[in-house]
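What follows is a short report on a single structure.
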Amino acid sequence: DGGKLLKMTITESGKRSLSQNAFQHVCYQEISKFLISNGRKDCNPDWVKEMLKNSFLGWTQESFTDVVTGKVMQRDVLRKTSALDKGEALEYTQNLLDWALNIGLMIKVPEKSDHMKHMRE
């Protein structure tokens, strides 16, 4: 019939690992250094993280209570990387790596990292 065969593997997800989080922070550091070395003095790792979260994770609404009035209100906040599951963290980190490569920065991915392990799975 000319159709393509698809292979699907279902695995248990779970919260992103501390190793995944640590590697994301390595990416922020490397991107920051690269941008600063290319004249962008304002690009510290925290700024880089916020910019990339905006680009790849987006915003969500969060409820908060005004401590004076007690009124519950909504505000837009960037999605938190700590709330990502393993798969979302893998996709987000790959987006960081691809974005970095697109601006001319290759970030080394250690062979024994969680990122590489999850890529192989």
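The values are calculated or read from the model by the stated rules, or taken from the named source; none is laboratory data. All of these numbers come straight from a predicted model, not from anything done at the bench. Glycine gets a Cβ as well: all are built from the backbone with ideal geometry, and neighbour counts include every protein chain shown. These accessible areas exclude ligands, DNA and RNA; they are computed on the full protein's heavy atoms, side chains included. Shrake-Rupley method; radii C 1.70, N 1.55, O 1.52, S 1.80 Å.
Here are a few things to note about the model shown:
- A straight chain from Lys4 to Ser63 at 0.36 nm per residue would run longer than the Cα-Cα distance by 16.7 nm.
- Diffusion of the chain by Stokes-Einstein, at 20 °C in a medium of 1.002 mPa s and with Rh set to the Kirkwood radius over alpha-carbon pairs, works out to 129 µm²/s.
- Cα-Cα over 32 Å, subset of Lys4/Lys49; Lys49/Lys112; Lys15/Lys108; Lys80/Lys117: Lys4/Lys49
- Per-pair calculated FRET efficiency, R0 = 22 Å: Leu18 and Met119 via Cβ, rounded to 0.05: 0.80
- Counting only protein heavy atoms and a probe of 1.4 Å, the accessible surface of the chain is 53% carbon and sulfur.
- Net length available on complete extension from Val109 to Lys41 is 21.9 nm, with 0.36 nm assigned per residue and the Cα-Cα distance removed.
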